[in-house]
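Read through the structure below, which is laid out as structure tokens, and then see the notes.
The values are calculated or read from the model by the stated rules, or taken from the named source; none is laboratory data. Bear in mind that the values here come from a model prediction, so they are computed numbers and not experimental data. Cβ coordinates were reconstructed from backbone atoms using ideal geometry, including for glycine residues, and neighbour counts include every protein chain displayed. These area figures cover heavy atoms from the full protein model, side chains too; ligands, DNA and RNA do not enter into them. Shrake-Rupley method; radii C 1.70, N 1.55, O 1.52, S 1.80 Å.
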Amino acid sequence: MARPSRQTLGLPSATSLRRLHGHSQLAPSPVSAFRKSGAVLLLAAAVALPCVVLYRAVVSNAPPPVQIDWDRRLWREWDPPSPPVLVPEPEEDGVLNPISADDPDCDYPQLGQLLQEASMDNKTVILTTLNAAWATPGSVIDLFIDSFRRGIGTSSLVKHLVIISFDGKAYKRCAEIHPYCFALVTDNVDFSQEKRFLTAGYLEMMWRRLDFLRLVLEKGYNFIFSDADIIWFRSPFPHFYPDGDFQIACDHYVGNATDLRNIANGGFNYVKSNNQSTEFYKFWYSSRLRYPGYHDQDVFNFIKHAPYVTDIGLTIKFLSTTYFGGICEPSGDFNEVCTMHANCCVGLQSKLHDLRIIMEDWRDYMSMPPSLKEFGAFSWRVPQNFFHY
């Protein structure tokens, strides 16, 4: 029997299939289609895997979500440092012999008592810090205290000043010139020498100071913190905002007290003791780990934009340089200025040089007749040793 031909069976040829489907290639078989699908899946996996790894890395480094609940610690990853050494005991040679910070029976009784004695009726104190480099006779601390005596309405404020000493020499000198002194000594750390701006010692001292201020807030005291290289001319209280939890001076003021574009300066601030400010200081201190190598002022200028600050309900106010000036941006009005900061001036000798000129300018202004004062033609002779950081 003859073998049936292709035409007899009616089977389509390759040419007819091409014409039928409009293709110039053969139709793919199920096996080849499966192979192509597998190749596509492998390619997709190869692309997706690195993306997943990158995403997990980013997520693992992101800060945890904020939970607003005053009954629980908001920043659970915050690990408080060892408590400061609080009780200085002079030995026979006059050198401090502080009680160890690890003493389990130490509940900071001296600090609470000192704050109570120095505070105003509304539990507000004025704080500054001091190390041996700024404590020598005729140095920064003497100019600082002298400015209270020479200012307008400031002489009564000095009795509310507490000087926080970073080392034994500074504490000893403080005790010679002022009634309220407190030793904040750190084991195995020497803060007595001059700490140049942004050196490791400077950074450690600034962060130590910041965490101590958190402790003052937790004890229920409002405070004005003032660097010792700030000259006081008038009482600052009339220029504080009644609704501000945290109020800070500026290196540059843009004209609006709530504008986050203001460049803050951590050397002068007024802080009310409440839940918001205490939580903010914890957040601020813990943020040093996210910005290593930066000091507290720079870190503040980073975190002031953080949603967490809004979430905890903290009200930040920036203080105008008209009242709270500095060498970075001096006040232009001698009739209004309250303080003048030797910022943007690096090095002890440079600061002393300009601080003395500031005091001379103030004495010259105070000696002028009222008519000339009102005319407002007086101007600062600083900066003479200017360095803008």
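Please indicate, with yes or no, whether at least one residue in region 368-377 is modelled with pLDDT under 90, surrounded by 15 or more Cβ atoms within 10 Å (Cβ to Cβ) and more than 18 Å from G332 (Cβ to Cβ).
Checked against the condition, which is being modelled with pLDDT under 90, surrounded by 15 or more Cβ atoms within 10 Å (Cβ to Cβ) and more than 18 Å from G332 (Cβ to Cβ), region 368-377 yields no hits at all.
Please enumerate the residues belonging to region 373-382 that are out of contact with any helix residue (DSSP H, G or I) (no Cβ under 9 Å at 6 or more places or on another chain) and outside any loop (DSSP other than H, G, I, E, B).
Listed by number, the residues that qualify are E374, F375.
If I go through region 294-303 residue by residue, how many of them are open to solvent by 10 Å² or more (accessible area, probe 1.4 Å) and either in a loop (DSSP other than H, G, I, E, B) or farther than 23 Å from R208 by Cβ (or both)?
Total satisfying the criteria: 1.
What number goes with the only condition from (1) over 21 Å from W232 (Cβ atoms); (2) touching a residue at least 60 places away in the same chain (Cβ under 8 Å); (3) among the polar types (S, T, N, Q) that N265 does not pass?
Failed condition: (1).
Given the conditions (1) over 30 Å from I357 (Cβ atoms); (2) open to solvent by 20 Å² or more (accessible area, probe 1.4 Å); (3) touching a Phe, Trp or Tyr at 6+ places or on another chain (Cβ under 9 Å), which single one is not true for G168?
(3)
Looking at region 304-322 only, could you name the residues that are without any contact (Cβ under 8 Å) to a residue 40 or more places away in the chain and surrounded by 20 or more Cβ atoms within 10 Å (Cβ to Cβ)?
Once the filter is applied, which keeps residues that are without any contact (Cβ under 8 Å) to a residue 40 or more places away in the chain and surrounded by 20 or more Cβ atoms within 10 Å (Cβ to Cβ), region 304-322 yields only V309.
In region 217-256, which residue that is in contact (Cβ under 8 Å) with a residue 24 or more places away in the chain and assigned to a helix (DSSP H, G or I) is surrounded by the fewest Cβ atoms within 10 Å (Cβ to Cβ)?
In this case the residue turns out to be E218.
Which of (1) more than 22 Å from I358 (Cα to Cα); (2) over 20 Å from the mean Cα position of the chain (by Cα) does D211 not meet, given it meets every other one?
The single condition D211 does not satisfy is (2).
Which residue pairs have Cβ atoms under 6 Å apart, sit 6 or more places apart or on different chains, and have a first residue in region 290-302 that is free of Cβ contacts under 8 Å to residues at least 24 places away in the same chain and a second that is assigned to a helix (DSSP H, G or I) and open to solvent by less than 50 Å² (accessible area, probe 1.4 Å)?
From region 290-302, the pairs are Y291/V299; V299/S287.
Counting only residues that are within 26 Å of W207 (Cβ to Cβ) and either modelled with pLDDT of 95 or more or open to solvent by less than 40 Å² (accessible area, probe 1.4 Å) (or both), how many does region 134-144 have?
Qualifying residue count, region 134-144: 6.
So, G325, is that one surrounded by 13 or more Cβ atoms within 10 Å (Cβ to Cβ), free of Cβ contacts under 8 Å to residues at least 60 places away in the same chain, part of a loop (DSSP other than H, G, I, E, B) and of a type outside the set (K, R) or not?
No; evaluated as a whole, the condition is false for this residue.
Residue by residue through region 266-282, note down the ones that are open to solvent by 10 Å² or more (accessible area, probe 1.4 Å) and not small (G, A, S).
Of everything in region 266-282, those that are open to solvent by 10 Å² or more (accessible area, probe 1.4 Å) and not small (G, A, S) turn out to be Y270, K272, N274, N275, Q276, T278, E279, K282.
Just to check your reading of the model, which residue among R173, R214 is modelled with pLDDT of 85 or more, within 25 Å of L289 (Cβ to Cβ), open to solvent by 10 Å² or more (accessible area, probe 1.4 Å) and not in a strand (DSSP E or B)?
Answer to the check: R214.
If you check every pair at least six apart or on different chains, which have Cβ atoms under 7 Å apart with a residue in region 149-165 that is assigned to a helix (DSSP H, G or I) and modelled with pLDDT of 95 or more first and a residue that is of a type outside the set (S, T, Y) and open to solvent by 20 Å² or more (accessible area, probe 1.4 Å) second?
Final answer for the pair search is S155/R149; H160/M120.
Each row is one residue, and each column tells you yes or no for (1) farther than 29 Å from H178 by Cβ; (2) not aromatic (F, W, Y).
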{"residue": "F237", "(1), (2)": "no, no"}
{"residue": "F246", "(1), (2)": "no, no"}
{"residue": "G267", "(1), (2)": "no, yes"}
{"residue": "S273", "(1), (2)": "no, yes"}
{"residue": "E279", "(1), (2)": "yes, yes"}
{"residue": "K282", "(1), (2)": "yes, yes"}
